[in-house]
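Notes to accompany the following structure.
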Amino acid sequence: MIQPLTDAKPYTLTPGSNGVIETQTLEVSIGPQHPSTHGVFRMDCVLDGESVVALKPVMGYLHRNHEQLAERMAWLGSMPYTDRLDYFNSMTNNWAYALAVEKLAGIKVPDRAEYIRVIMAELTRLLNHSCVIGFMLQDLGAWGTPLLYAFRERERILDLYEAVSGSRMMCNYMRFGGVRVNLTDENLATAKDIATRFPRFLDEFEKLLTNNEVLLARTQRVGVLPKELAINAGISGPMARASGVDYDLRKVDKYGVYGRLEFRVPLGDIGDVYDRYYIRVLEMRESIKILQQALRDIPQGPHIAPEVKLRNFKIPPGDGYGRIEGPKGELGFYLVSDEGGKQPYRYHVRPPSFINLTILEDMCVGHKVADVVVILGSVDIVLGEVDR
Amino acid sequence: MNVSLDHYLMLSAFLFAIGLCGALSRKNAIIVLMGIEIMFNAGILNFVAFWHYKYFAVLTAQMFAIFAISIAAAESAIGLALVIAVYRHYQSIDVDEMRSLKG
Amino acid sequence: MGFIGKGLFEGMVVTARNFVGSYFDKERLVTVQYPEERVQVPENSRTFPFLVFDKDSDPVASMRCVACKICEVECPPQCIYIVMDRDEKGKPQQRPKVFDIDISVCMQCQICVEVCPFDAIKMDNNYEKSQYGRFDELVEHLPELLKSNEFYNKIKPTEATAVDAKLKADAEKKAKKAAPAAKPAATAAKPAAPAAPKPAPVAAPTAKIAIPDDAPFTPEQRQWLSGYLSTVAASGVAPAAAAPVAGTPAAPATEAPAGNWPWHDPGLGMQRRLDLAKETPIADKLMAAMAQTDCHACGYDCRGYADAIATGAETDLSLCLPGEAETANMLKKLMQEAGKL
Amino acid sequence: MEIAFWILSAITVIGAILAITMRNLVHCVLSLILFFLGIAGHYLLLRADFLFAVQVLIYIGAVAVLILFAIMLTRHVTGTEGPREVLGGKWWAGMGTAVIIAGLLWAIIRKDPLAAMLPAGMASTSVTEIGRALVADWLVPFEAMGVLLTAALIGAVVIALEEVIRKR
Amino acid sequence: MDQVYKVAPQLLKFLSYLLGWLPWIGKPVAGFLSNPPAWFLLAVAIAIPILFVVSVFPGIFAYTTLVERKALGRIQNRIGPNRVGRWGLLQPIADGVKLLTKEDIVPRSADKFVHFLAPVIAVIPSVLLFSVVPVGAGLVPVDLNIGILFAFAISTASVLALFMGGWASRNKFSLLGAMRAVAQVVSYEVPMVLAAVAVVMAAGSLSTLAIAKAQGGGILNVTHWFVFRPWGFVGFILFTIGAMAESARTPFDIPEAESEIIAGYHTEYSGFKFALFQLGEYLASIAMAGITVTMFLGGYNGPGSGPGILGGLISMFWFFAKLGGMIVLTIWIRGTWPRVRVDQLMSFAWKVLLPMSIVNIVAVGMWHYIAIRPIAWVVTTLWLVLWFITLSKLAASENIEKREYRYAS
């Protein structure tokens, strides 16, 4: 299914092979400087007229040595760097890393901290999904309107982030064994306000676009990802669920307090761009439910496990893999601690957008060049995470 | 000096010769087609010139011009389709290389 | 599904509503006209670090930073550079001579603030730091970094109040501890070292006699005097003279000892400290080799680190940041002398 | 009138010559468009408004664009022919024929008594008249033309998509 | 032009009255103007419409960009330009200065001559289009008897500029954009012309002035607008879609789709050449809006319009108001809809618009031959609605499906 591009297949465009009018194929390098590659990402497309006959994703323009840096740094020192992986979802990145370290060090997280984490993660999901849809529609050519509506809502969530953690995007909020700052009642009220207000935004958003014939025609049956391919390629997150793979770590692992919360996992059947769009809308609606439950149930208590030291934090030798259901898919951190235990011996990130990106060619070939950017938009990548 | 029919006839004869030259001497099938278009236009110009200078009252010349333009359009469509078909077959649109009648 | 074009039409209704709404509804029009109006940043908001000092009259002397270099080490992108101030004799001065933060490298993660044991470095919320240059202009030096405690109180009232309360409590605790210790020191003149049995010659006079800030001395003199007096008091040579010179009867100790360790005074030189600890067990000697700031850069206080080395729990001898290479070498030497290395 | 005639004639002739002599195919087409424009100008000069519009609409809007498409479909997109020989093997024959025909026509025109004729009138025909003529006197040719165009349309599609159809 | 020719002597007299007090030259100039020779009158009559077209419509263009940015901003809950002058009123001037002072970059491998020529050619057809747009009662720069046909012929020519620009840039994105532009304009020309044929049939003339005149009368000069006829309404929608595609406005902006092919054919243009492309594009869009207004929205007709100075002014007001309305409509659409794909664009043109426009021509025939108006209304409406439903069902069945989503247990 997934063939390496060194394979000769995509480029052997011998005349007469496909039977249509022989046109000269055009090799177009979309990116690294392009309005809709969502960063410095390049797609080497071979076009036959407007149709894509081969596509090679080229990554690494934003490589920042994340893993090696972390291996030369104290455990805590990597926490702000995880913010910069997927800069839209720093909260969930923090959580995944904290979860991995907590597993490795055997730290118990207080209940309140778990609830705070759930609240933050679901807010992040709302933020990410609304913006992804906005970006995707931007790629579709809806000239920024949906994107700016999404940004308007994102602003409220970011304001809450800033009030809580001090920064809008680079939150650096989670700590091993809890969170850095406790949520005040005022913060909780803001979160509640967001949770009540968001459905209204979603309704407006859907009215703007879900039934829009142009959108339907552009997205349905475009970039289909079959279920088998999704499973084989290790796709996770909304993309896998849009293809009908019932895989949500919140249900599978029940990490944090997700076991106590009630929510459903929407599934698509076809796995095209429209499914990926609509699954995200439905997931946002579920996230709001989770938020409301978490805000209702959040207990009083400490926000961080008191025994965890900030400095000279050491972990006994061993390895551990912590993963969460990030907005983009399964975000995992694999950590190995060795003698001394002051820094990770090995630090590996399983970035969802990178792995989801690997099947870009399989989804794009045969479609028009205009679809490529939409399919890329529906994959939902952040180059900070892809290239690390 | 007033512009007379003479001038137009000379002009169109000249254009016709240019078109013929292009159609006969260039290798590229598309240029050959373009030469034919030039010849067509020269002919149509003749019609219109005669209409203007002599048969002003009747529309026959204009009708001829209209029909000629239509036919030229049809001809170029077919011609270019043929060029594309030939190109697909020979990977070339050089008229010199189209030697066989067999498809 | 209705007729084709219904979805298109509905979308146009939504945009029309937004168009009109943006004129009347504050919820919709969220734009802020930046240079004229600014959003009120939340109290927690953070941008770049600054250093807190307490007294406006003398920012450098009253800054809380002791140049322990914890932040320099812990800073993930390594954007802090500290050089400890030393007098001409090479004695550490308990404050940084150079404190640079490269704000083009700083990623505003607040880890320096979290790890600082002295509440000396805090996060500013000034987000207008753009400069015309890319290099020197983006490095902040000590003068720019120093901000008063009032400023800190102004930008982050809640946090700063808590910090002030904590510092006050700490100071009181230390003063309380110091007070009983100081009394024997004062009376120690005649009984000549009234048998503080276990460690070191004198029990009490470890109290660091600090010259008050309002005393008529230059900072250097003050520093020297404090050290001198402390030494004198500790060794019990001229105890009676101590009080009058100190100016105020019970000089509030800014840095009180935690135990009966006469060498536990960062104002003393290395040699002097080791002399004081000459007759003591290896752990105490090791402790005397430390910089005595109790900065926790090593993960312990000075006592704890010494004990950990002595018991073999800690093998890394280079953890004492304020002591720099001097301490590390001395530790190595001591360990070798003790035959443990 | 005279100035306009000479300018337009110059445009036309230059356009035509460039169209068959330039090496770059796209330049050829652009010159051809110049030629078409010149001819259209001549129509305007000859008071044939409708033909002017038809000329622009069909030749520039359709034929030229069609040729451009054909070039794009068959050639390197830059349209350059490279160092290859652009003239056919018997180019001198073509040139000769053209020169002889031009000479013949020239001689005939000089001889013809009609040729020195000056304009008969200045009023232009209205579109209404042309329209009426097309559906009255010229109905049969008009319909035949419709059939021809349809046939050409289908024919062009069939020829160009031959192999696709065969594959299916 | 004819109108101006009639009014010109009065105008010149007024001018001579104004200039008469000037020393030295005042007297002779006033004398010359009050009794002008024929050639001078003709020159004035030619110059005034040209000046009008060249000054008013670029002005409209400049402020269209401002209105577009403001309106899009408000649609997107932003403020839009408001720094240069009050409400950003001087923004177009600032933009112009900026574009004029920008460095003009020509790619090294570009075909320099064609690259230079393309933006110039882009503007010419757009300006020429205005020559047949009547801006008021009897006020049309040139009343050609082939008016509409002329407009179509000229607007087709604009595609050449796009092709030249895209091809000469030697940039693959530009070339893609150019090919898209050519294919799109050629395809949409057909349904557009056919939609216009319906109007021409109803008005019985190709002259734009005659078409506008045919829509006068009725209650308040409004009820006879063609858009208030079943076929006219359908024609209006068809023509508007065609005009938007022809001038590459959203949702048909695929030749310059910035999210796919950067900026299409003007990717490699900067500074003033880019400004010329923009000018040409916007002018074409405005001119197309003007022709739409003339053909379907009653042109200059409106309450109070008519001959004479006052009626003329009112008719100009109505024309420009409707033109503004059309511009706002395109901006509104731009702020709302996503872009269609190139193959969908083609199939939409050939499978929906073309049949619908032919059906519409038949509807006009019915309208013409059924003498009793109510019956004509019912019959044509039914005919059009039935076809519309059929065609839209056919089009929708290809592309659009209704989805249900399930939840994991």
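No value in this document is a laboratory result; all are computed from the given coordinates. Keep in mind the model is a prediction, meaning the values are calculated, not measured. Glycine also receives a Cβ, built like all others from the backbone with ideal geometry; neighbour counts cover every protein chain displayed.
Starting from the Cα of E:LYS322, draw a straight line to each of the lysines and keep only those under 23 Å, dropping any in the same chain fewer than 8 residues away.
The reachable lysines, counting only those whose Cα sits under 23 Å from E:LYS322, are E:LYS70, E:LYS213.
Against the globular-protein guess of 2.2 N^0.38 Å, express the Cα radius of gyration of segment E:312-355 as a ratio, rounded to two decimals.
1.73
Which aspartates and glutamates have a Cα lying under 20 Å from the Cα of D:LYS111, excluding residues fewer than 8 positions away in the same chain?
Partners within reach: B:ASP6.
Which of A:VAL257, A:VAL224, A:VAL214 moves most in a GNM of chain A, Cα contacts under 10 Å?
Sorting by GNM fluctuation, first place goes to A:VAL214.
Expressed as a whole number of Å, what is the distance separating the alpha-carbon centroids of segment E:141-156 and segment B:1-63?
25
In whole percent, what relative contact order does segment A:82-170 give with Cα contacts below 8 Å and a gap of six or more residues?
Relative contact order here is 29 percent.
A 23 angstrom limit on the alpha carbon distance is what I want to check against. Which of A:LYS192/C:LYS6; C:LYS55/C:LYS89; A:LYS56/E:LYS172 exceed it?
From A:LYS192/C:LYS6; C:LYS55/C:LYS89; A:LYS56/E:LYS172, over 23 Å: A:LYS192/C:LYS6; C:LYS55/C:LYS89.
For chain E, what does -39500 (n - 2.57) per DSSP helix run (n ≥ 4), summed and divided by total residues, give at 222 nm, in deg cm²/dmol to the nearest 500?
When only DSSP H runs of four or more count, the value is -23500 deg cm²/dmol.
Binned at 5 Å from 0, what are the whole-percent values of the Cα-Cα distance distribution for segment E:261-341, short to long?
Reading the bins upward from 0: 3, 14, 15, 17, 17, 13, 9, 6, 4, 2, 0.
Name the residue farthest towards the positive end of the dipole of segment C:49-162 from the options C:MET107, C:PRO117, C:VAL73, assuming +1 on Cβ of Lys and Arg, -1 on Cβ of Asp and Glu, about the Cα centre.
Projecting each Cα onto the dipole axis, the largest value belongs to C:PRO117.
Using a 7 Å offset from the Cα along the Cα-to-Cβ direction at both E:VAL29 and A:ARG72, what is the distance between the two label points in nm, to one decimal?
With each label point 7 Å from Cα toward Cβ, the separation is 8.0 nm.
Obtain the nm distance between the two label points defined at C:SER57 and D:GLU143 by a simple spin-label model: each point lies 7 Å from its Cα along the Cα-to-C-beta direction.
About 11.6 nm, to one decimal.
Rounding to the nearest 10 and keeping the result within 0 to 90°, find how far the Cα-based axis of helix A:185-209 lies from the longest principal axis of chain A.
Long axis of A:185-209 versus the principal axis of chain A: about 10 degrees.
Can you compute the helix-only [θ] at 222 nm over chain A? Use -39500 (n - 2.57) per DSSP H run of at least 4 residues, normalise by all residues, nearest 500 deg cm²/dmol.
When only DSSP H runs of four or more count, the value is -14000 deg cm²/dmol.
Under 10 Å, Cα contacts only: if you run a Gaussian network model on chain E, which one of E:LEU12, E:LEU139, E:LEU354 comes out with the highest mean-square fluctuation?
In the Gaussian network model the winner is E:LEU12.
Would you give the gap between the C-alpha center of segment E:354-409 and the C-alpha center of segment E:274-337, rounded to a whole Å?
So the separation of the two Cα centres works out to 28 Å.
So what is the diffusion coefficient of segment A:201-294 in µm² per second by Stokes-Einstein at 20 °C and 1.002 mPa s, using a Kirkwood Rh over Cα pairs?
Roughly 151 µm²/s, to the nearest whole number.
Over the C-alpha atoms of segment A:328-375, what are the Rg and the largest Cα-to-Cα span, Dmax, in Å?
Radius of gyration, then largest Cα-Cα span, for segment A:328-375: 17.5, 55 Å.
Can you pull the Kirkwood radius for the protein assembly as shown, inverse mean 1/r over Cα pairs, to one decimal in Å?
Mean inverse Cα-Cα distance, inverted, gives 38.0 Å.
So what is the relative contact order for chain E, in percent, with contacts set as C-alpha pairs under 8 Å and at least six apart?
18
Rounded to the nearest 20 Debye, what is the dipole magnitude of segment B:5-98 about its Cα centre when Lys and Arg each give +1 and Asp and Glu each give -1 at the C-beta?
It works out to roughly 120 debye.
In square nanometres, what is one fourth of the surface area of the convex hull spanned by the alpha carbons of segment B:5-98?
Here the figure is 5.9 nm², rounded to one decimal.
Rounded, prolate or oblate: which fits segment C:260-341, taking a ≥ b ≥ c as square roots of the Cα gyration tensor eigenvalues, rounded meaning a/c under 1.5, else prolate when a/b beats b/c?
Rounded shape, in that the Cα axes give a/c under 1.5.
Order these by the 10 Å Cβ neighbour count, fewest first: A:CYS171, C:CYS79.
C:CYS79, A:CYS171
Which entries of C:LYS26/E:LYS98; C:LYS173/C:LYS333; A:LYS207/A:LYS289 have Cα-Cα distances beyond 26 Å here?
Among C:LYS26/E:LYS98; C:LYS173/C:LYS333; A:LYS207/A:LYS289, the Cα-Cα distance tops 26 Å for C:LYS26/E:LYS98; C:LYS173/C:LYS333.
If you line up the long axis of helix B:29-53 against the longest principal axis of chain B, both from Cα atoms, how many degrees apart are they, to the nearest 10?
Long axis of B:29-53 versus the principal axis of chain B: about 10 degrees.
Take the Cα radius of gyration of chain E and divide it by 2.2 N^0.38 Å, with N its residue count; two decimals is plenty.
1.10
Rg and Dmax of segment C:49-162 over Cα atoms: what are they, in angstrom?
When restricted to Cα atoms, segment C:49-162 yields Rg and Dmax of 13.9, 42 Å.
Quick one: which residues, 5+ away or cross-chain, put their amide H under 5 Å from the amide H of A:LEU267? H built at 1.01 Å from N.
Counting only residues 5 or more places away or on other chains, the set is E:ARG406, E:TYR407, E:ALA408.
Once each part is reduced to its C-alpha centroid, what is the distance from segment E:69-110 to segment A:234-303 in angstrom?
43
Set the Förster distance to 60 Å, then compute FRET efficiency between E:PHE52 and A:HIS63 from the Cβ-Cβ distance, nearest 0.05.
For R0 = 60 Å, the calculated efficiency reads 0.50.
Please state the relative contact order of segment B:5-98 as a whole percent: Cα pairs under 8 Å, 6+ residues apart?
Worked out over segment B:5-98, it gives 29 percent.
Taking C:LYS176 as the anchor, which aspartates and glutamates have their alpha carbon closer than 16 Å to its alpha carbon, excluding any fewer than eight residues away along the same chain?
Straight-distance partners of C:LYS176: C:GLU255.
Can you give the charge dipole size of segment E:264-409 about its Cα centre, rounded to the nearest 20 debye, using +1 on the beta carbon of Lys and Arg and -1 on the beta carbon of Asp and Glu?
The dipole magnitude comes to about 260 debye.
Tell me the angle of helix B:60-90 to the major Cα principal axis of chain B, expressed in degrees between 0 and 90 and rounded to the nearest ten.
10
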